[in-house]
1. Could you tell me how many of the residues in segment 340-363 are open to solvent by 50 Å² or more (accessible area, probe 1.4 Å), of a type outside the set (Ser, Thr, Tyr), touching a residue at least 12 places away in the same chain (Cβ under 8 Å) and out of contact with any helix residue (DSSP H, G or I) (no Cβ under 8 Å at 6 or more places or on another chain)?
2. It is to be established whether one or more residues within segment 494-502 are among the hydroxyl-bearing types (Ser, Thr, Tyr), at pLDDT below 80 and on the phi < 0 side of the Ramachandran plot.
3. Residue 242: surrounded by 20 or more Cβ atoms within 10 Å (Cβ to Cβ) and among the charged types (D, E, K, R), yes or no?
4. As an exercise: evaluate residue 190 against (1) open to solvent by 10 Å² or more (accessible area, probe 1.4 Å); (2) at pLDDT 90 or above and give the number of the one condition it does not meet.
5. Among the listed residues 601, 619, 635, identify the single one that is within 22 Å of residue 577 (Cα to Cα) and in contact with a helix residue (DSSP H, G or I) (Cβ under 8 Å, 6 or more places away or on another chain).
6. Before we move on, is residue 224 out of contact with any Ser or Thr (no Cβ under 8 Å at 6 or more places or on another chain), assigned to a helix (DSSP H, G or I) and surrounded by 16 or more Cβ atoms within 10 Å (Cβ to Cβ)?
7. Which of the strands (runs of 3 or more DSSP E) found entirely inside segment 140-201 contain at least 3 residues meeting this: over 24 Å from the mean Cα position of the chain (by Cα)?
8. Hey, among 64, 47, which residue is over 26 Å from residue 150 (Cβ atoms) and not basic (Lys, Arg)?
Amino acid sequence: MAADLQKWRRSLPIFPARGKLLKEIKARPSCVVVGETGSGKTTQIPQYLLESGVGTSGVVAVTQPRRVAAVSVAKRVAEERGCQLGSEVGYAVRFDECYSSETRLKYMTDGMLLREAMSDPTLSRYSTVILDEAHERTVHTDLLFGVVKAAQGKRRGDLRVVVMSATLAAEEFSLYFNQAKVLYVQGRQFPVEVLYAAEPQQDYLHSAVVSILQLHCSMGPGDILVFLTGREEIESVQGVLRECQSMFPSNWQGIHVQPLYAALPSHHQQQVFKPAPQGCRKVILSTNIAETSVTIPGVRCVVDPGLVKARGYSPVVGLDILSVQPISQAQARQRAGRAGREAPGSCYRLYTEHTFSQLRENSEPEILRCTLTSVVLELLAMGMSDLLTFDFMTAPSEEGLVSALEQLCLLGAVEGREGKEGVRLTALGGKMATFPLEPGLSRAILQSSVSVCVSDYVCSCDCCCRREAAAKKWCVWQLCSLWTLSSSLLPPSETRWLLPTRRFHSPHGDHLTLLAVYHAYTAASGKKAWCRENFIHQRNLRAALDVQPQLVELSSRVGVALVSNSDSRTVRRALLDGLHCQTAEHVGGGRYRTLSSRQEVFIHPSSCLFHVRPHPPCVMYSQLVHTSKCYMRNVSVIEADWLAS
Ligand code: CDP
Ligand code: MG
C-alpha cells in the first residue's frame, strides 16, 4: 500500500516540477503557485517542503476555506506519509482539532489561523504559511494576507508565504506581496467541449434532470458531475432521479447517484472518491465544493446550471443573507475543467452563450459582499485600532466599516468616539472576539452567564429529561453548539419535521426544539436506535455536542462564571440579547416584517413554527435565506415587551 502511494505521488502532474518549485520557494520570502485543480498543489507542495527540511524550524501551516477540505486532505496526506493523523500531519478546524507537539504540517481553515493570529500576531510557531485556494478570496483568507504581510514586515523576516491558486489571475497576489514570483504548475488538462442552452431555461432543476437522463442514454463511459446550489436542491434532484428509476427501471437502472455537500457526514463524502458499482455510472450531485476544493476521479461530463449559493450583504435587509447567485466566468471555466482531468470531456451549460458573456469575469472577493461586524471585531482584537491603515488586498467601503462599528457599539463590544479612529474594544468585546461564533451569538453566550437564572429547565416535551432535571445543564451552551451545526442535524428534507420529530416541537420555536432533541438524546439509553427512530444523524449530533465543552472551556478562559439551567423564557431572552437586530413582527397572512429594515420575510417551511396558528406576533431568527421569498430560519417566539427593555 505504502509503495503504491509513493508511486501514485510520483505520477501526479506536479511531480516533475518538484525540484524547481522547492528551489524557487526556498529562495524567496513569498511566491505564488498557480496550477490546475487536481495537479497536486494541496497534497504535495507541503510534503515537498517537509522533505526538504523546512518543517524543522517551525510548523508548516496550510489554510483552506472549507472544513471538509482541511480534514480530508490531512487524512490523505497522513496516509501518503504512513503516519498517524495527529502526529507529523494534523489538522485544526473550528470545534475539531487533531494535532500534537510532533505536528510539522498542519492543515487548517483560514478562520482558525486568523484566530491564532489574535493572540500571536507574528505567527511565531510557523516557519511557512501556505494560503491555499486563494482564488476563492474568502474574508478570512483576505485578512490573513494582511496578517502575514504585516508579520513579515515586522519581526518575522524569516516567515515564508506561499499563495496557491487554481485560477490564472495571479497578478493581484503577486503585486500585493511585493511583486512575488509566480510559479506555474503544468496541469493535465484534456480538451472539454462546451455546449450552451439554445435559449434561457425556465427551471434549471428540471433542465438538469433532463440533461442527466439524456446524457446517461447517449454518452460513453464516464461519470457525470452536476453543480447544484445546496443540500435541498441536491435532495430534490436525487428524489426525482429515484422516481424515474422506479418508473422506468430498464432505462435508468445504471445511474448511481452520489450527493456531495459540506454537511454530509464524512464517511458518505468519502464514497464520492470510489468508483461506481460494476455496470453503473456515477452521477455526482455536488455543491460548489467540487469546483476546486476536491477532485473527483472518473468525471467526463459536467452539467452546470451556472449558479451558486453564497453569502452576500443585502442593503435592504441590512444583514448578510444566503442567496442563489450567478457564478463568474472564471468559475464556469473551472467547472468545465472538471470534465477534462483524465480524458477529453464535455460540459453542458444550462444557460445561453449570451448569458455567459454577461457574467462577471471573476467573482467578487467576499469582503466586498458581507457585513463586516466579525471582520472589524477580529481586526480590533488583533490590535489594529485604526482600521484605515490595515493593508487590505481589496479594501471594503468606509461606510461598511463604520456601520460594522455601529453594530459592535450596539452589542457593547466597542466604545470610544463614533467613527473609525480611536475606538476601543470593551472587556465584553475582547471576550466576544475569543469565541469562534458570530458576534451576536457570542454575546448571547456571554450575556447568558449573567442573566440566566439558576432554576431547573424543564423541556416542553413530555418525552425526556425530567429525570435528569437535577443534573446540571448548560442550556444556552447546548443551544449554541447545536445551533452551529443544526443544518446538518436533521434528516433529508422530505422527512424533516414529520411525525417523529414533531414530538419534540416546542411551541416557543426552533431553538427550544433543538434543545428538546438534545435532552431526549442524552436521556435515551440506546442512542443509535433512538437516532434511527427519530430520523436524526447521530454522527452530526455528536459533532454538535463535542462543541459544547469547547465553548465551556473558552468561557472559563475569559473568566465567565457558568450558570446552569433556566426556563424557556430565560433562554430565549438570553438569545435575544445577541439577536436583537434579527427580529420580525407579524403583519398579516404569513407575512412578517423585520424590525430593523422593514423587509418582508416569511417563516421557513422547515421551521417548527411554520404551521403554528395564530402566527406568533413577534419572533427572532438566526438566519435569512433568499430563495423564492426571503425566509427566516431557526425561528423562536419572543414577546414584544422584551425588545423595549
Ligand atoms: O490542490 P490540487 O487541486 O492541485 O490537487 P490535490 O488536492 O493535491 O490533489 C492531487 C490528487 O490527489 C488528485 O488526483 C486527488 O484526486 C487526489 N486526492 C485524493 O485522492 N484524496 C484526497 N482526500 C485528496 C486528494
Ligand atoms: Mg487544492
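1. Number satisfying all stated conditions: 3.
2. The initial filter retains those residues of segment 494-502 that are among the hydroxyl-bearing types (Ser, Thr, Tyr), namely 495, 501.
Next, from what is left, pick out any that are at pLDDT below 80: 495, 501.
Narrowing further to those that are on the phi < 0 side of the Ramachandran plot: 495, 501.
Checking segment 494-502: at least one residue is among the hydroxyl-bearing types (Ser, Thr, Tyr), at pLDDT below 80 and on the phi < 0 side of the Ramachandran plot.
3. Numbers: surrounded by 20 or more Cβ atoms within 10 Å (Cβ to Cβ): no; among the charged types (D, E, K, R): yes.
In short, no.
4. Tallying (1) open to solvent by 10 Å² or more (accessible area, probe 1.4 Å); (2) at pLDDT 90 or above, residue 190 fails exactly one: (2).
5. On inspection, the qualifying residue turns out to be 635.
6. On the way: out of contact with any Ser or Thr (no Cβ under 8 Å at 6 or more places or on another chain): yes; assigned to a helix (DSSP H, G or I): no; surrounded by 16 or more Cβ atoms within 10 Å (Cβ to Cβ): yes.
No, not satisfied.
7. Ranges flagged: 181-185, 192-196.
8. Matching residue, one of 64, 47: 47.
The values are calculated or read from the model by the stated rules, or taken from the named source; none is laboratory data. All values derive from a computational prediction rather than experimental measurement. Heads up, the Cβs are rebuilt from the backbone with ideal geometry, glycines too, and the neighbour counts pull from every protein chain shown. Ligands, DNA and RNA are stripped out before the accessible areas are found, and what is left, the full protein with its side chains, is counted by its heavy atoms. Shrake-Rupley method; radii C 1.70, N 1.55, O 1.52, S 1.80 Å.
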